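Just so it is clear, none of the values below were taken in a lab; they were calculated from the coordinates. If you're wondering where the values come from, they're calculated on a predicted model, not measured in any experiment. When we count neighbours, we look across all protein chains shown, and the Cβ atoms used for this are built from the backbone with ideal geometry, even at glycine.
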Number of protein chains: 2
Amino acid sequence: MSNLGQRIRELREKQNLLLRQVAAHLEVDTALMSKIERGKRKASKQQVIEIAKFLKAYEEELLTLWLADKLENAVGNEKDLAPDALNILKKNLKK
Amino acid sequence: MSNLGQRIRELREKQNLLLRQVAAHLEVDTALMSKIERGKRKASKQQVIEIAKFLKAYEEELLTLWLADKLENAVGNEKDLAPDALNILKKNLKK
DNA sequence: TTTGACTTGTCAAATTATGTCAAATGTAAG
DNA sequence: CTTACATTTGACATAATTTGACAAGTCAAA
């Protein structure tokens, strides 16, 4: 399960909303929404923004989780190299 | 220019090797090798390993740079969200 | 059972990645 | 100026991945 998906499900259930309803708002199939919550598919940036709107969440919070998922995916199974790579990245970001 | 490409070029020039020679070792076109060094194309993991071998560099060093490039690419233009996302990622990696 | 919510597998279409080729550019020597 | 060679670039074909829909499946409550 993904950072973003987990949080979306949490928010959705707290408001007693159905997958179907969120999906309708994004104009996508319920199946896709299910996969997004379970981390089987990634949402597009625009979808995350729409979800935040619909679930009354902070857009930035969800986008951060969305980015974290993307990074996690990019790391793949190179977890041993990741710490050093992350440091390089952090240094590069400062510019 | 990419972290990896920059380092490869450095190593290659220090040994007075031609792009053509490195490319031949990887069995790819010289043009592709040029692009890799200039960060216009990403190398595959296997290619990085071969390059390290040929340039007598530490495989781990180059792979770390290669991963850093991948992560940088995943961040894209979400540099503002990256610091928080990185923290989440770091926390997740500990498990 | 039946119903409704959710999940899963599969497929075609769309998008993106990969590597080659040919042409362009740069550079040093004659 | 030419030639010779290294490197770079852009266009392209092909391959690989991603995307979302659809249909069929599971599961729980009534």
For this session: Of the conditions (1) under 10 Å from the mean Cα position of the chain (by Cα); (2) within 14 Å of DNA strand C (Cβ to nearest atom); (3) touching a residue at least 24 places away in the same chain (Cβ under 8 Å), A:ALA68 clears all except one; give me its number.
Result: (2)
For this session: With the condition kept exactly as written, say whether any residue in the stretch A:17-40 is within 16 Å of DNA strand D (Cβ to nearest atom), touching a residue at least 24 places away in the same chain (Cβ under 8 Å) and within 14 Å of chain B (Cβ to nearest Cβ).
Result: yes
Exercise. When the stretch B:43-69 is examined, which residues are found to be β-branched (Val, Ile, Thr) and either more than 17 Å from A:ALA82 (Cα to Cα) or surrounded by fewer than 19 Cβ atoms within 10 Å (Cβ to Cβ) (or both)?
Worked result: B:ILE49, B:ILE51
For this session: Inspect all residues belonging to the stretch A:70-93 and state whether any of them is away from DNA strand D (no atom under 16 Å from the Cβ) and more than 27 Å from B:ASP69 (Cβ to Cβ).
Result: no
For this session: Please give the number of the condition B:ILE8 fails out of (1) within 10 Å of the chain's Cα centre (by Cα); (2) in contact (Cβ under 8 Å) with a residue 24 or more places away in the chain; (3) closer than 30 Å to A:GLU60 by Cβ.
Result: (3)
Exercise. Quick one: which helices (runs of 4 or more DSSP H) sit completely within the stretch A:7-85 and have at least 2 residues that are under 26 Å from B:SER2 (Cβ atoms)?
Worked result: A:59-75
For this session: Hey, can you tell me all the residues within the stretch A:1-14 that are within 11 Å of DNA strand C (Cβ to nearest atom) and away from chain B (no Cβ under 14 Å)?
Result: A:ILE8, A:ARG9, A:ARG12, A:GLU13
Exercise. Going by the structure shown, is A:GLU50 among the acidic types (Asp, Glu), without any contact (Cβ under 8 Å) to a residue 40 or more places away in the chain, in contact with a His (Cβ under 8 Å, 6 or more places away or on another chain) and within 19 Å of A:LEU26 (Cα to Cα)?
Worked result: yes
For this session: State the number of residues belonging to the stretch B:16-42 that are in contact with a Leu (Cβ under 6 Å, 6 or more places away or on another chain) and surrounded by 16 or more Cβ atoms within 10 Å (Cβ to Cβ).
Result: 2
For this session: Residue by residue through the stretch A:66-92, note down the ones that are closer than 18 Å to B:ASN77 by Cβ and facing chain B (nearest Cβ under 7 Å).
Result: A:LEU67, A:ALA68, A:LYS70, A:LEU71, A:ALA74, A:LEU89, A:LYS90, A:ASN92
